[in-house]
1. Please give the per residue volume of the convex hull enclosing the alpha carbon atoms of the range 284-439, rounded to a whole number of Å³.
2. Where in the chain are the helices, taken as whole DSSP H runs, whose Cα atoms extend 27 angstrom or more along the long axis and whose Kyte-Doolittle mean reaches at least -1.0?
3. Once amide H atoms are placed 1.01 Å from N in the peptide plane, what residues at a sequence separation of 5 or more from V281, or on another chain, have their amide H within under 5 Å of its amide H?
4. Given H placed 1.01 Å from N in the peptide plane, which residues other than close sequence neighbours of V177 have an amide H under 5 Å from its amide H?
5. Nearest 5 is fine: what % of DSSP beta bridges in the chain come out antiparallel, could you say?
6. What residues have an amide H closer than 5 Å to that of G303, excluding those fewer than 5 places away on the same chain, when H is modeled at 1.01 Å from N in the peptide plane?
7. Binning every alpha carbon pair distance of the range 79-141 at 5 Å from zero, what are the percents per bin?
8. Please work out the Cα convex hull volume for the range 368-440 and give it in Å³ per residue.
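Nothing in this text is a laboratory measurement; each read-out follows from the coordinates by a stated rule. The shown structure was predicted, so the numbers you read here are calculated from the model rather than taken from an experiment. Reconstructed Cβ throughout: ideal geometry from the backbone, glycine too, with neighbour counts over all protein chains shown.
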Amino acid sequence: MLTNGIPSITPLPVAVNKIMNCLSKIKYLLALCILSLAALPGVAQDHSVRDSLMIKAIYNQVLKTNSMDSNLRYLTGHIGARISGSPAATRTVNWAKSLMESYGPDRVYLQPVTVPHWVRGDLETACFLEKEKKISLSISALGGSVASGGMLRAGILEVRSLTALAAMPDNLVQGKVIFFNGAMDRTEIEVFKAYLNAVEQRSIGAVYAARKGAVGVLVRSLTLSRDDIPHTGAVNYDPQVKKIPAAALSTNSADALSVAFINDPQLEISINLNCINLPPVSSHNVIAEIKGSKFPGEIITLGAHLDSWDLGEGASDDGTGLVQSMELLRVFKAIGLKPERTIRVILYMNEESGAHGATEYARQALLNRESHVALIESDAGGFAPRGFRVEGEMKILSRLREFALLLRPYKADALELHQRGVDLVPMKGQARALLSLDCDDSRLFDIHHSKLDTYDKINPREVAMGAGAMLAMVALISKYGL
């Protein structure tokens, strides 16, 4: 590059960063090649007919019984929403422990963990005046939000991204309620990716807004549906920045507010949130263990999260993952499958607002110097499985590709990079491989984090097929290792 006719010299740190970025991209492309090449005839290692019969036995056992469906009906119908720190969350811990004990593993135990305790409160409203007419908005406080301290009335400022907000002068933002109206991209084929590209508005938008002097935040719900149902989710605060109230707007309300703001840039909005942040409470992860017959010191985990948001029944997120994970204990016993490596079914507490359960599990695993071969998580909604998203060294990806090929008859053989299990992240660096079940995401965000997440949205056969894929993968890793 030339600057005023003089060759410029790239500073060393920048040059190093460019080199590292290039190496990272090369590593990523090599990994993709491994995943693709392993699918070609003659590349994958031949597996015995015995493995195929084992997988068939797993699927047969999962599909011919209704145990998972019965368990999910109980969870959603008798316990329902189970936000971290609530009495319902405690009932879920006790129910899961009792149920797993009934399946007869070698051990079931509770792992203590301290979790946050947030209560929504009875009243949450928002409205504005349009030609002297009161227009009510459909809102839901974001999990962890502070209260508004009575009725908060302020002007609004609509933005479509954190970048757009950052570019605005502070004096324009001060005293305003920031309205993040960045919609999920409807043209993105992978809906989950559209969600990930928009979620920062909800997760850290309040911090960005407060730094510039805003007094509140409203966020367009993260869904492609056009309706009056707000979708909640966690809001994160910075201890060094003032906490301001934050709520999600339904997509219809977001559209109405946007039109009103265009017509009247001086528009004021009134918000009332009565959230309560209580002191942290003691809770538990629930863990069941089957000792490995040959390599008991090598551990494979299969898990999901116990908690849910407080608006629906937590059926899809993550009731389906709970019943799928616990099903391993019943199925392995029913077909007489004795794993060679130790298997743990772990149900984590508090994935939704900080992954405290997963963090504690990783801390204990490090303290105990445990050797984890692989961690698998189900937290993708319980819809039709496609395969797995994985993270690990390239030689491990090749090995997993061989295993995945055996799931092709069950339409669950896809293997993609970049696992998406929040509860897996704390074990990165301690486990050789991290795998998250990958499901069809077409309908996930229609109900995600909303009052629509109820049992009637679940297809029991899709849940069963997902369980079959995970149990088969666990069985193969247990038999062959990585």
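1. Considering the Cα atoms of the range 284-439, their hull volume per residue is 115 Å³.
2. Counting only whole DSSP H runs, the qualifying helices are 12-37, 460-480.
3. V115, H117
4. Those lying under 5 Å, H to H, from V177 are G155, I156, L157, V215.
5. So the antiparallel bridges in the chain amount to around 55 percent.
6. I346, I376, E377, S378
7. Bin by bin from 0 Å, the calculated values are 3, 13, 15, 14, 12, 10, 7, 7, 6, 5, 4, 2, 1, 0.
8. Cα-based convex hull of the range 368-440, divided per residue, equals 87 Å³.
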